[in-house]
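Written below as structure tokens is the structure these notes are about.
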Amino acid sequence: MALLKILEFPDPRLRTVAEPVSAIDGCVVKLVDDMLETMYAAPGIGLAATQVNIHRRILVMDVSEDKDSPMTFVNPEIEIINSELGEFSEGCLSVPGFFEIVNRPRRIRVTYLSLNGNEEIAELEGLEAICLQHEVDHLDGKLFVDYISPLKRGLIRKKLQKLQRQRA
């Protein structure tokens, strides 16, 4: 396994729409292993392949308290079960150090491929549902900062660009 480099906002590669995975093979399994290692090391609760500059529809997440329940979703498709919105303070490994309130549906159904290649359906609610929607946004080229005001987004962009210049 290997740690992957996480792209940071405002990197334009984060806006790339990911392509569907045509088959689960050894490369996909290795990528998932590397993504999980990267997510846990960051530390985070979710990671989309787009965030590590691989533009395939793959995401991993683990919202368990003990970080012992990893979930993998290949080609996830979301259906909203209940349109009631929940307010959640979201952060992102690609927007380090910033948290903002985002409103998202609290309960969803997701259809996806598991790593064994089988189509699966799961109903998620609460933090699992929020995390999955956040990661699917990445696969669609969107970030949580797209849900906040342009003024706040611009301030976050400037602060991150300054930090990136200082690290370079």
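From the list G91, G141, which one is outside any helix (DSSP H, G or I) and either open to solvent by 20 Å² or more (accessible area, probe 1.4 Å) or modelled with pLDDT under 95 (or both)? First the steps, then the outcome.
On the way: G141 fails: either open to solvent by 20 Å² or more (accessible area, probe 1.4 Å) or modelled with pLDDT under 95 (or both).
Going through G91, G141 in turn, just one is outside any helix (DSSP H, G or I) and either open to solvent by 20 Å² or more (accessible area, probe 1.4 Å) or modelled with pLDDT under 95 (or both): G91.
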Hits in region 57-96 - residues which are under 30 Å from K158 (Cβ atoms) and over 16 Å from the mean Cα position of the chain (by Cα): L85, G86, E87
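From the list R106, R167, R157, exactly one residue is farther than 18 Å from I6 by Cβ and of a type in the set (D, E, K, R). Which is it? Please lay out each step first, then the result.
Details: R167 fails: farther than 18 Å from I6 by Cβ; R157 fails: farther than 18 Å from I6 by Cβ.
The conditions single out R106.
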Residue tally, condition over 16 Å from the mean Cα position of the chain (by Cα) and either in contact (Cβ under 8 Å) with a residue 40 or more places away in the chain or in a loop (DSSP other than H, G, I, E, B) (or both), over region 4-55: 7
Candidate set: region 1-58, residues that are under 20 Å from A129 (Cα atoms) and among the hydroxyl-bearing types (S, T, Y); chosen: the one surrounded by the most Cβ atoms within 10 Å (Cβ to Cβ): T50
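Looking only at residues that are hydrophobic (A, V, I, L, M, F, W, C) and in a strand (DSSP E or B) in region 59-79, which one is surrounded by the most Cβ atoms within 10 Å (Cβ to Cβ)? Please lay out each step first, then the result.
Taking region 59-79 as the starting set, the residues that turn out to be hydrophobic (A, V, I, L, M, F, W, C) are 59-61, 63, 71, 73-74, 78.
Narrowing the set further to residues that are in a strand (DSSP E or B) leaves 59-61, 71, 73-74, 78.
Numbers: L59: 29, V60: 26, M61: 25, M71: 20, F73: 27, V74: 23, I78: 18.
Within region 59-79, the match that is surrounded by the most Cβ atoms within 10 Å (Cβ to Cβ) is L59.
The values are calculated or read from the model by the stated rules, or taken from the named source; none is laboratory data. Here the structure is a predicted model, which means the values were calculated and not measured. With ideal geometry, Cβ positions are generated from the backbone for all residues, glycine too; neighbour counts draw on all protein chains shown. These accessible areas exclude ligands, DNA and RNA; they are computed on the full protein's heavy atoms, side chains included. Shrake-Rupley method; radii C 1.70, N 1.55, O 1.52, S 1.80 Å.
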